[in-house]
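The values are calculated or read from the model by the stated rules, or taken from the named source; none is laboratory data. These numbers were taken from a predicted model, which means no experiment stands behind them. A quick note on method: Cβ atoms are made from the backbone with ideal geometry, for glycine too, and the neighbour counts reach across all protein chains shown. With ligands, DNA and RNA removed, areas are computed over all heavy atoms of the protein, side chains included. Shrake-Rupley method; radii C 1.70, N 1.55, O 1.52, S 1.80 Å.
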Amino acid sequence: MRVLEFETKALLRSRGLSLPRGDVVISGPEALATARALGGPVVLKAQVPTGRRMKAGGVLFAATPEESSNLAESLLGRSINGFLVDRILVEERIAAEQEVFLAASYDRTNKRATLIASAAGGINVELAERVIRREFSTRYSPPDYLGREVAADLGLQGQGVNELGDVILDVARYFSNWDALLLELNPIVKDPKGHWWVADAHLELDDDAAFRQAELWRQVPRSTEWAQRRSKIERLAREIDDKDHRGVAGRMIAFDGDLGLLVGGGGASLTIMDSMLDAGLKPANYCEIGGNPSVWKVKELTKLVLGLPRVRKIAVIMNVVSNTRVDLVARGVIKGVLESGREPREVIAAFRIPGSWEAEGQAILRHYNVPSFGRETSIDQVVDAIRCQF
């Protein structure tokens with residue numbers, strides 16, 4: 001779950017970190033009142049669960065309260081990276097003598113939690129010439145010297161090493177304690193008096209750890225509400241899955257392409273999606289199936305995918321499976337196509353599920369002249385066969 005900035009900052013402020021004064025507003029007059037109370041230049045930030053808000057026009061700066069009101073009115077109701085802006089964080093703008101980027105995340109190659117820091121804060125940090133990385137354990141409390149060591153590597157001296165070092169150490173601790181996937185402070189700014197402030201904060205929590213972070217999730221209700229929002233097609237797919245306990249068929253995400261997909265979950269689904277995109281195909285959706293779903297469940301899911309506005313054909317692709325009957329999936333897909341009033345041979349671009357009852361499944365597909373592929377045909381080869389139909 002991506003936590004909204006204002007709730008992330010509330011968590012950090014309650015734990016002693018220094019953050020700019022500000023408030024969340026939902027109208028121009030509220031922005032005007034908040035800016036007047038702050039008594040100086042302010043920054044207005046759209047509160048939506050997405051990164052790169054600055055580049056998308058979701059972060060604006062105002063020199064006067066009247067300007068903040070006008071900017072708030074222009075920002076509210078806009079779409080930022082696909083999210084509708086209905087709240088804005090209005091904060092005092094801290095005069096910055098220095099900016100630093102700091103984050104804790106997982107290094108997927110080394111499979112270790114890692115602190116990442118750069119003396120170049122703000123946007124486009126990835127282009128910085130020098131990025132500092134320090135691995136740390138999430139099983140034990142990070143050592144006190146870790147923060148000071150990173151601060152010194154950033155070029156700080158004297159008291160600055162200790163003050164920024166404490167912030168760096170806090171990031172490592174909270175990243176571990178909160179079961180976070182990412183905790184990013186970008187930038188941390190030093191004011192003319194030498195004090196460090198968290199100007200922006202980005203937190204992502206591991207959904208799979210929600211059961212042991214119940215209290216933390218209760219402290220971010222708005223973010224939790226965003227995370228639980230689903231599109232109409234996502235809700236319908238969930239309803240199909242919930243009505244029949246057999247197998248898994250759901251987790252639907254709609255895109256704007258013309259090729260509907262029913263794919264196996266896990267790493268195979270990522271391989272399939274990458275292969276589709278590399279071939280220039282345009283998926284209309286992502287949807288996992290597996291665990292031996294019933295004919296009814298596959299049928300209803302097929303009808304749902306075919307109901308997407310731009311879908312011309314569908315493809316059913318899985319890796320080798322032993323816990324899913326190929327014939328049941330084949331029957332479900334065929335029934336879904338027929339009940340949608342369409343011809344299977346015209347709609348099903350490819351069917352590849354090597355596994356249990358494979359021969360029976362392929363016999364059903366042959367009866368309807370649907371192109372089917374076995375384990376002797378790679379996923380890339382199947383995708384290439386689909387590409388020739390578009």
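Okay, residues lined up against (1) surrounded by 21 or more Cβ atoms within 10 Å (Cβ to Cβ); (2) farther than 19 Å from Leu115 by Cβ; (3) without any contact (Cβ under 8 Å) to a residue 24 or more places away in the chain:
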| site | (1), (2), (3) |
| --- | --- |
| Leu164 | yes, no, no |
| Arg173 | no, no, no |
| His195 | no, yes, no |
| His202 | no, no, no |
| Asp208 | no, yes, yes |
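Residues considered: Val167, Val161, Val171, Val150. Of these, the only one that is hydrophobic (A, V, I, L, M, F, W, C) and over 24 Å from Leu203 (Cβ atoms) is Val161.
Just to be sure before I move on: is Arg251 modelled with pLDDT under 85 and either in the same structural domain as Leu328 (by TED's automatic domain parsing) or not in a strand (DSSP E or B) (or both) in the structure I sent? Can you show your working first?
Values: modelled with pLDDT under 85: yes; either in the same structural domain as Leu328 (by TED's automatic domain parsing) or not in a strand (DSSP E or B) (or both): yes.
Against the criterion (modelled with pLDDT under 85 and either in the same structural domain as Leu328 (by TED's automatic domain parsing) or not in a strand (DSSP E or B) (or both)), Arg251 qualifies.
Entry remark, the range 327-359: residues being closer than 25 Å to Glu234 by Cα, touching a residue at least 12 places away in the same chain (Cβ under 8 Å) and either part of a loop (DSSP other than H, G, I, E, B) or aliphatic (A, V, I, L, M) (or both) number 13 in total. Scanning the range 21-49 for residues that are open to solvent by less than 40 Å² (accessible area, probe 1.4 Å), modelled with pLDDT of 95 or more and over 25 Å from Leu84 (Cβ atoms) yields a single hit, Leu38. Only one of these is within 22 Å of Thr8 (Cβ to Cβ) and in contact with an Asp or Glu (Cβ under 8 Å, 6 or more places away or on another chain): Val48, Val59, Val43. Name it. Answer to the selection: Val43.
Can you name the residue in the range 96-123 that is part of a loop (DSSP other than H, G, I, E, B) and open to solvent by 60 Å² or more (accessible area, probe 1.4 Å) and, of all such residues, is modelled with the lowest pLDDT? Checking each candidate, the answer is Ile123. Do you know which residues across the range 364-374 are in a helix (DSSP H, G or I), in contact (Cβ under 8 Å) with a residue 12 or more places away in the chain and out of contact with any Pro (no Cβ under 9 Å at 6 or more places or on another chain)? Passing the criteria: only Ile364. Restricting attention to the range 313-324, the residues that are modelled with pLDDT of 95 or more and either over 26 Å from the mean Cα position of the chain (by Cα) or surrounded by fewer than 22 Cβ atoms within 10 Å (Cβ to Cβ) (or both) add up to 1.
The residue of the range 50-95 that is least open to solvent (accessible area, probe 1.4 Å), among those that are over 16 Å from Asp200 (Cα atoms) and among the hydroxyl-bearing types (Ser, Thr, Tyr), is Ser68. Among residues that are more than 12 Å from Ile317 (Cα to Cα) and of a type in the set (S, T, N, Q), Gln362 is included.
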